[in-house]
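Can you keep this structure in mind? I'll have questions shortly.
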Amino acid sequence: MGKFLIGCCYYPEHWDDCELQEDILKIKNLGFNTVRMGEFSWSMYEKEEGKYDFSFLKKAVDSLKEQGIDVILGTPTAAPPKWLIDKHPEVLCESPDGVVLHHGSRQHHNHTSSVYLDYCAKITEAMVLAFKDCENVIGWQLDNEFNCHRNECYSEADDIAFRKWLENKYGTIEKLNAAWGNRFWSLEFNDFSQIQCQRKTTTHRNPALLTDYYLFLSDTIVNYATVQTKIIRKYMPEAFITHNGYFDNIDYKKLTENCLDFLSFDSYPAFLEGRNKGDSRLAAYRLESTRGCSEKMMIMEQQSGPGGQLSYLQATPLPSQIRLWTYQSIAHGAVGVLYFRYRTALYGAEQLWHGIYDHDKEENYRSREIRKISEELSRVGDIFLNQRQHNDVAILVDYHNNCNVKAEPFFTNDNWYIFTELNKKNIHSDIIYNLDGIEKYKVLVIPHIAIMNEKTVEKIKSFTDNGGIAIISARSGIKDEFANYRLLKGTGILKELTDSSVEWFTSQPEHSKQFVKMADKTYAVDKYYEMLSTVNGESVAEYTEGFCKDKPAIVKNGNVYYVGFYTYSSADVYTDIISQYVAVTHSINPMVEEIQLGAYRIYLNYSENEVDFKGYDVISQREIDAIEPYGVVLIKNN
C-alpha cells in the first residue's frame, strides 16, 4: 500500500438511489480515501440463476472514483439468495442435532457442499469480471467473517468431506483406528464410510477424533476461500486479497499463507469495555494475533458507534474513545482502518448496530471525531506505514494444540493472560504460529504445547544454544501428532532440554490453595500443577503448601525455563522472568499502554482521567502537559 487507508463500510443498496451522491460527498467530507462495499448483496446481483446485474454497485464504484475514493469489494458468499436455497436445500448447514438451519439470516450454508462451492465460483467470477477494469477497485475481501455465527457443521456434505480428509491423512482405516486408539470403548471402524462428524454422545468423546475434526474444520475454510482466491488472482492479480477475522476453528496463519495477501481484523473494543472500564486495552491480544499472521494488516470494521443486534445494545463510545480505539489498532499493526459503518440501517437485524451517522444521518460528535482522525492520518499516516514494532518476546500459539485443548477443555491455555500481563508491564510480545525466524527474539514463551515433535525440540535447543531464552510451560512435549500421550514421564520429549521430570501432578482442588515462591515474591497457582525434579538444573521457584512444599515448581537449565503450573491470576511470574532479559520501560500509568514504533513511541490512555505527561505530540503538533482522558500521544524518540 502506498498510502494509509482510512474509510468506512458503505451499503448503497440500503438507501434510495437518489441519496447516493449525497452519501459519497459526505464520505469524502469525512476525509476518507477508501470504502468497502458489496459483501451482502448476492440477491441483487443475481435475482435469477445465471442472470447477473451489478449496475447499482458499478454506479457507486464509479461515483466514488469521481471523488478520488478507492474501493474494496467483498464477495457475497456469506449470504446466498433464496432461489439458490430453494433449488439446492442440501447446501444448508445442520446443527449437531440434525436441525437444518434455514434461510432467514446469514451464513446458513455449509462450506463443503460441492454444489455451493460451484455457485460461489460462478458469482465470484461474474463479479470480478464486472469490476476488473475499475481502476479504483484496489482489493477484495473474501466472504465476511468466516465462522462468525457457527463454526461447526454436520450436513451430509460435511460427513463426506470429513471422510475424504481422513482417508487422505491416514490412508487406511487400520491406521486411523490405531492413531485414534479406537480399541478403547469399542470405537473401531471397519471402513471410512462409517465415520461422521461427531454428533452428541452419551458422555465424553474421543479426543483424538475431535482434534482431527477441528483440524478438518479449518481446512474446509481454507478450501472454501481458495475457490475465490484463484479466480480473483486470475483476473485481477494486482488487487490485494484479504479476509476479516477473528473467529473460532480457523488456522488463520494457514489461511493467510494459502489464500490472502494479508489478514484483517474486525475491532469492536466495546465488547471488552462493557466488562470493566479500561478493558478495551485487552483487544491488543486479537490485534497482535492478526499481526502474527501478516505483519501489516487492516481493520475492515472499526467500531464507530454503539454496536448492537436484536438481543443487546452496547454502551455508546464516549468522546475520544473511537479515536483511542483507532490508534490502538494502528499501534498494533494496522495500515488501514475502515469504520463500520457509514450510516446506521433503518431495517434488518442490525438496526441497533450504529455507525458513524445515526438513523437521522445528521452530524454528531462521532462524525466530528472521525473527521479529526482522518485529518491527522493525512499528515502522520506514513509514519505508521513505515515505523513498526520490533519486539524482543514471542509467544507461540499452535493451532493443532488449540484443537486438542478444545477436545480436552479442562486444560485451557493461559497464553492470553501471559500476553496481557506482559502488555501491562510494557513488555510487548509478538504472537507467532511456528518457530521459523525465532532467532530475532530474545525470549520465546511456549505455553502448554502438549503436541510436540522432535523437530520442534531441536529448534528450541538451537535457539537457546545461541543465547535465546525459552520459557516452556506445564504439560508441554507429552503428546504425539495424534494427540495421544507418549510412553514417557512428564516433560516428555523435553526432558533432556529442560533437565526436569514430573514426579507428581494434580489438579487444583477448590478447597485448597497452592502458591509458588520465586525470589521474594509469591504467585498463585491455578487449576493444575506439577512437582518437578532435576539432576543438574536449578530450582528457581518452589511450592509453598502441602505435599509439594519446598519442591521445585520452576526449573532452569541453561537458557531454558520449565514452569510446572498453570497461572491465570498470577501470570506476572512470566513478566518477572522475562524482565531479567529484555529492557523494560517504566510505565507512566497503569492505564496507559506504551508501544515502541521504530523511531517513535505511542501512548494510549484507556482511563477516563487525565495523565501527567510532558512532551511534543507529533499527532497534534503541540507541546502537552498531560494526556487527555482516552487520549493518544505520539512522541519521536529523543
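Condition first: of a type in the set (Gly, Ala, Ser) and open to solvent by 10 Å² or more (accessible area, probe 1.4 Å). Now tell me which residues in region 302-320 satisfy that. Lay out the reasoning, then the answer.
As a first pass, look at region 302-320 and keep what is of a type in the set (Gly, Ala, Ser): 304-305, 307-308, 311, 315, 320.
Matches in region 302-320: SER311, ALA315, SER320.
Okay, next question. Looking at region 193-225, which of its residues are within 18 Å of SER155 (Cα to Cα) and either surrounded by fewer than 16 Cβ atoms within 10 Å (Cβ to Cβ) or of a type in the set (D, E, K, R) (or both)?
Residues satisfying the conditions are SER193, GLN194, GLN196, ARG199, LYS200, THR201, ASP212, ASP219.
Select, from SER569, SER533, SER579, SER539, the only residue that is within 30 Å of GLN328 (Cβ to Cβ), open to solvent by less than 60 Å² (accessible area, probe 1.4 Å) and of a type in the set (Gly, Ala, Ser).
Step by step, each of SER569, SER533, SER579, SER539 is checked, and only SER579 is within 30 Å of GLN328 (Cβ to Cβ), open to solvent by less than 60 Å² (accessible area, probe 1.4 Å) and of a type in the set (Gly, Ala, Ser).
Within region 400-436, how many residues are open to solvent by less than 50 Å² (accessible area, probe 1.4 Å) and either farther than 23 Å from SER462 by Cβ or of a type in the set (A, V, I, L, M, F, W, C) (or both)? I'd like the intermediate steps shown before the answer.
Residues of region 400-436 that are open to solvent by less than 50 Å² (accessible area, probe 1.4 Å), as a first pass: 400-401, 403-405, 407-408, 411, 413-415, 418-423, 426-433, 435.
Next cut, either farther than 23 Å from SER462 by Cβ or of a type in the set (A, V, I, L, M, F, W, C) (or both) only: 403-405, 407-408, 411, 413-414, 418-423, 426-428, 431-432, 435.
The qualifying residues number 20.
Listed here are the residues, each with its yes/no results for (1) closer than 22 Å to TYR224 by Cβ; (2) at pLDDT below 95.
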{"residue": "SER43", "(1), (2)": "yes, no"}
{"residue": "LYS59", "(1), (2)": "no, no"}
{"residue": "ASP62", "(1), (2)": "no, no"}
{"residue": "ILE69", "(1), (2)": "no, no"}
{"residue": "TRP83", "(1), (2)": "yes, no"}
{"residue": "GLU94", "(1), (2)": "yes, yes"}
{"residue": "VAL100", "(1), (2)": "yes, yes"}
{"residue": "THR112", "(1), (2)": "yes, no"}
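Which residue is surrounded by the most Cβ atoms within 10 Å (Cβ to Cβ), if the candidates are limited to region 96-124 and must be of a type in the set (S, T, N, Q) and outside any helix (DSSP H, G or I)?
THR112
Taking the residues in region 484-506 that are part of a strand (DSSP E or B) and without any contact (Cβ under 8 Å) to a residue 60 or more places away in the chain as candidates, determine which candidate is surrounded by the fewest Cβ atoms within 10 Å (Cβ to Cβ).
From region 484-506, those part of a strand (DSSP E or B) are 485, 501-506; that's our starting set.
Subsequent filtering for residues that are without any contact (Cβ under 8 Å) to a residue 60 or more places away in the chain retains 485, 501, 503-506.
On the way: TYR485: 11, SER501: 20, GLU503: 15, TRP504: 13, PHE505: 16, THR506: 14.
Among those residues, the one meeting the criterion is TYR485.
Just one of the numbered conditions (1) assigned to a helix (DSSP H, G or I); (2) buried (at least 18 other Cβ atoms within 10 Å of the Cβ) is not true of GLU22; which one?
Only one criterion in (1) assigned to a helix (DSSP H, G or I); (2) buried (at least 18 other Cβ atoms within 10 Å of the Cβ) is unmet by GLU22, namely (2).
Among the numbered conditions (1) farther than 29 Å from TYR600 by Cα; (2) out of contact with any Phe, Trp or Tyr (no Cβ under 6 Å at 6 or more places or on another chain); (3) open to solvent by 50 Å² or more (accessible area, probe 1.4 Å), tell me where THR456 comes up short.
It fails just one condition, (3).
Output the strands (runs of 3 or more DSSP E) that fall wholly within region 527-638 and possess 2 or more residues being in contact (Cβ under 8 Å) with a residue 60 or more places away in the chain, or say none. Even if it seems obvious, please write down each step before you answer.
On the way: elements: 528-533, 538-543, 552-557, 560-563, 592-597, 600-605, 611-617, 622-627, 632-636.
Filter on region 527-638 gives 560-563, 592-597, 600-605, 632-636.
Moving on. Taking the options TYR347, TYR339, name whichever one is open to solvent by 10 Å² or more (accessible area, probe 1.4 Å) and of a type in the set (Phe, Trp, Tyr).
TYR347
Looking only at residues in region 226-239 that are open to solvent by 10 Å² or more (accessible area, probe 1.4 Å) and hydroxyl-bearing (Ser, Thr, Tyr), which one is nearest to SER294 (Cα to Cα)?
My answer is THR226.
Filter region 611-627 for residues that are closer than 25 Å to ASP279 by Cβ and buried (at least 16 other Cβ atoms within 10 Å of the Cβ) and give the result.
Scanning region 611-627 gives VAL611, PHE613, ILE619, ILE627.
Give just the number: which of (1) over 16 Å from the mean Cα position of the chain (by Cα); (2) surrounded by 19 or more Cβ atoms within 10 Å (Cβ to Cβ) does ILE299 not satisfy?
(1)
Another one. Condition first: aromatic (Phe, Trp, Tyr) and open to solvent by less than 10 Å² (accessible area, probe 1.4 Å). Now tell me which residues in region 542-560 satisfy that.
First, the residues of region 542-560 that are aromatic (Phe, Trp, Tyr): 543, 547.
TYR543 - this is the single residue of region 542-560 that is aromatic (Phe, Trp, Tyr) and open to solvent by less than 10 Å² (accessible area, probe 1.4 Å).
Given the conditions (1) open to solvent by 100 Å² or more (accessible area, probe 1.4 Å); (2) of a type outside the set (Ser, Thr, Tyr); (3) part of a helix (DSSP H, G or I), report the number of the one that GLU481 does not fulfil.
Single failed check for GLU481: (3).
Can you pull out every residue in region 240-249 that is on the phi < 0 side of the Ramachandran plot and open to solvent by less than 10 Å² (accessible area, probe 1.4 Å)? Even if it seems obvious, please write down each step before you answer.
As a first pass, look at region 240-249 and keep what is on the phi < 0 side of the Ramachandran plot: 240-248.
Passing the criteria: ILE241, THR242, HIS243, ASN244, GLY245.
Give the residues of region 258-277 that are surrounded by fewer than 23 Cβ atoms within 10 Å (Cβ to Cβ), in contact (Cβ under 8 Å) with a residue 12 or more places away in the chain and outside any loop (DSSP other than H, G, I, E, B), sorted by residue number.
Answer for region 258-277, where residues must be surrounded by fewer than 23 Cβ atoms within 10 Å (Cβ to Cβ), in contact (Cβ under 8 Å) with a residue 12 or more places away in the chain and outside any loop (DSSP other than H, G, I, E, B): ASN258, ASP266, ALA270, PHE271.
Could I ask something else about it? How many of the residues making up region 462-477 are touching a helix residue (DSSP H, G or I) at 6+ places or on another chain (Cβ under 6 Å) and more than 21 Å from ALA541 (Cβ to Cβ)?
Total meeting the criteria: 1.
Rundown of residues vs (1) over 21 Å from TYR399 (Cα atoms); (2) at pLDDT 95 or above; (3) out of contact with any strand residue (DSSP E or B) (no Cβ under 6 Å at 6 or more places or on another chain), yes/no style:
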{"residue": "ILE250", "(1), (2), (3)": "no, yes, yes"}
{"residue": "ASP261", "(1), (2), (3)": "no, yes, no"}
{"residue": "SER264", "(1), (2), (3)": "no, yes, no"}
{"residue": "GLY274", "(1), (2), (3)": "yes, no, yes"}
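Within region 350-376, take every residue that is open to solvent by 10 Å² or more (accessible area, probe 1.4 Å) and hydrophobic (A, V, I, L, M, F, W, C) and give me the one that is nearest to SER289 (Cα to Cα).
Looking at the filtered set, the residue picked out is TRP353.
TRP416 - would you say it is touching a residue at least 12 places away in the same chain (Cβ under 8 Å) and assigned to a loop (DSSP other than H, G, I, E, B)?
Judged against the criteria, TRP416 is not a match.
A further question follows. Check region 389-405 and report whether any residue there is farther than 30 Å from PRO447 by Cα and in contact with a strand residue (DSSP E or B) (Cβ under 7 Å, 6 or more places away or on another chain).
No, that holds for no residue.
Closer than 13 Å to PHE565 by Cα and open to solvent by 80 Å² or more (accessible area, probe 1.4 Å): is that true of LYS517 in this structure?
Considered against the rule, which asks whether it is closer than 13 Å to PHE565 by Cα and open to solvent by 80 Å² or more (accessible area, probe 1.4 Å), LYS517 comes out as yes.
Next question. What number of residues in region 582-610 are aliphatic (A, V, I, L, M) and either at pLDDT below 95 or open to solvent by 10 Å² or more (accessible area, probe 1.4 Å) (or both)?
6
Another question about this same structure. Looking at region 344-355, is at least one residue farther than 17 Å from ASP266 by Cβ, in a strand (DSSP E or B) and over 23 Å from the mean Cα position of the chain (by Cα)?
No, that holds for no residue.
Let me confirm something: among LEU129, LEU142, LEU166, which residue is more than 29 Å from THR34 (Cα to Cα), aliphatic (A, V, I, L, M) and surrounded by 14 or more Cβ atoms within 10 Å (Cβ to Cβ)?
Within the list LEU129, LEU142, LEU166, the selection yields LEU166.
The values are calculated or read from the model by the stated rules, or taken from the named source; none is laboratory data. Since we're looking at a predicted model, the values are computed, not measured. Heads up, the Cβs are rebuilt from the backbone with ideal geometry, glycines too, and the neighbour counts pull from every protein chain shown. Ligands, DNA and RNA are stripped out before the accessible areas are found, and what is left, the full protein with its side chains, is counted by its heavy atoms. Shrake-Rupley method; radii C 1.70, N 1.55, O 1.52, S 1.80 Å.
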